[in-house]
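Worksheet: one structure, shown below.
Read-outs throughout are calculated quantities, based only on the coordinates presented, and are distinct from any laboratory measurement. What you are looking at is a predicted structure, and each value in this text was computed from that prediction instead of being measured. Cβ sites come from the backbone with ideal geometry, for glycine too, and all protein chains shown count toward neighbours.
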Amino acid sequence: MWRNLIKTFERSIVLTSKQISCKNNALCTNLTNRQTQHRFITCSAVLRNTEHLCAVPPGGGEGDAEYIVPYKPELEKRDNAKKLIETLRSRFRLSAEEVEHIMTDEVVLKSYRQKSLMDTLDTLCLEGVTKQNFVEYPWLITLDRKRLSEKLILLKSINGFRDINDFVPFLRLQLPRLRKLVAALNREANQVSNGNRVYFIADQLNVLPCIVTKYLAKRLFVLEMPLEMFKTNLQHMIKYNVEPMNILKDLWGFRYAPRAVELRLKRALLAKKDKIMPWMVRCPEPILQKSLQLSLDELEVLSGKTSVAEYVGERLGFSAEEAQAIMDRHPQVNTVRVTKIKEVLDYLLDEAKFTRYEIAQVPRILCHSLETTKQRMEELKKYGCRPSSLVIVCRSKREYEKFLNQWQQSYNPNRAVGNEDVKAEIPKD
């Protein structure tokens with residue numbers, strides 16, 4: 001009984017406190033509304049006075065009044081960019097194109113804090129970073145100064161270190177990643193010549209270290225993979241005359257077993273490939289087979305001739321120099337496989353019965369699809385048209401259809417109509 005009595009008493013206390021709080025809230029709301037109205041009336045008077053005070057006097061200019069200028073963040077951004085440009089030009093002799101290249105970099109655009117940028121720029125200049133590196137890597141000026149100092153100390157601790165400009169691309173790495181990389185390079189100090197793997201690669205390929213690090217910074221596995229495996233694959237590529245820049249631009253071939261790398265390169269050499277590329281090491285087998293077969297077919301077509309121009313000259317009855325001049329009129333011809341050129345010449349000379357002079361006038365026909373050429377020639381033949389020039393055969397689909405419609409409108413089978421009726425409408429190449 002006593003327990004129930006206590007619970008009833010507690011409930012009554014809670015209900016009473018809630019009612020009191022509701023009344024207080026209503027009272028506070030009333031008071032606040034009254035104060036707000038009073039403040040609004042007061043402010044309205046002030047604003048009216050302000051409008052009167054800020055009005056432009058009769059006959060006066062805008063500069064005579066005390067205007068309240070709104071804040072525009074873009075103006076501050078513009079000022080910061082201007083100061084940065086002035087600082088860069090004061091440090092280096094930069095052209096307008098170089099300044100634009102730096103300022104339009106996506107990383108630089110995100111950071112216009114002048115103080116931090118200037119501090120970073122000064123730190124890098126004191127370390128001897130060259131103008132070329134600032135132009136090539138605009139993100140350098142956005143690096144955090146504290147982390148930058150630690151990164152510079154780490155890079156200088158690399159065994160055989162010569163110049164900071166040789167390792168600038170590595171400054172973009174995060175500190176933990178850079179520590180791991182430097183430790184890996186220093187562990188093999190006694191196993192590689194020239195102090196570290198970067199200088200070893202530069203020496204073997206006869207390339208500047210700054211160029212080596214430019215590409216290695218994107219493929220760090222080359223610096224951390226087993227040293228013997230890396231050395232063997234590098235020697236294979238040098239032995240089979242893979243161009244140094246092609247090696248640096250395509251480093252994925254180093255991930256394959258040395259025996260597989262040598263086998264692929266040897267197959268390419270036996271197929272008389274004039275230019276062995278690193279992608280031949282890592283491409284699927286069917287693609288490699290097709291590429292090698294094309295090389296063998298080209299050798300068969302050339303049959304001892306040293307160049308495509310010599311082959312074209314023999315087919316058209318010109319010297320190699322004259323054939324090269326004809327091909328240079330449409331430079332894309334120089335990139336066409338000789339097997340395709342043979343197929344086009346076989347059709348034009350043997351089936352379509354064009355003369356060598358007609359072909360020489362439009363060298364672009366050697367780049368054109370043979371299938372499309374055949375289709376258009378048969379269609380023109382069907383309507384009794386033998387074009388006086390191969391230009392129309394090479395034109396776009398719209399221009400070709402326009403010419404064909406004009407021919408159909410002027411062609412009448414009941415009367416003899418020569419090709420002269422449409423000759424003037426054939427566009428010149």
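Quick rundown of the values:
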quantity	calculated
Cα gyration tensor shape for the stretch 175-319, rounded if a/c is under 1.5, else prolate or oblate	prolate
Once the Cα gyration tensor of the stretch 273-342 is diagonalised, semi-axes √(5λ) in Å	27, 13, 9
Relative contact order [Cα under 8 Å, 6+ residues apart], the stretch 161-293, whole percent	19
Radius of gyration and maximum dimension Dmax of the stretch 321-390, Cα, Å	12.1, 39
The stretch 242-393 shape via C-alpha gyration tensor axes, a/c threshold 1.5	prolate
Entries in K151/K214; K305/K340; K214/K340; K110/K218; K273/K342; K131/K218 that, when Cα-Cα distance is taken, lie over 27 Å	K214/K340
Along principal axes, Cα extents of the stretch 127-219, largest first, whole Å	36, 26, 23
Charge context of L223, other residues only, Cβ under 12 angstrom, K/R +1, D/E -1	+4
Rg/Rh ratio calculated on Cα atoms of the stretch 352-411 (Kirkwood radius)	0.94
Globularity ratio of the stretch 254-298, using Cα Rg and 2.2 N^0.38 Å	1.07
For peptides 183-193, 362-372, sequence by mean Cβ density within 10 Å, most packed first	362-372, 183-193
Per-pair calculated FRET efficiency, R0 = 41 Å: L349 and Y256 via Cβ, rounded to 0.05	0.35
FRET E, pair T130, R282, Förster distance 41 Å, beta-carbon r, rounded to 0.05	0.75
Label-point separation, M245 to S193 (7 Å along Cα→Cβ), nm	2.6
Within the stretch 265-306, backbone nitrogen closer than 14 Å to the virtual label 7 Å beyond the Cα of E321 toward Cβ	none
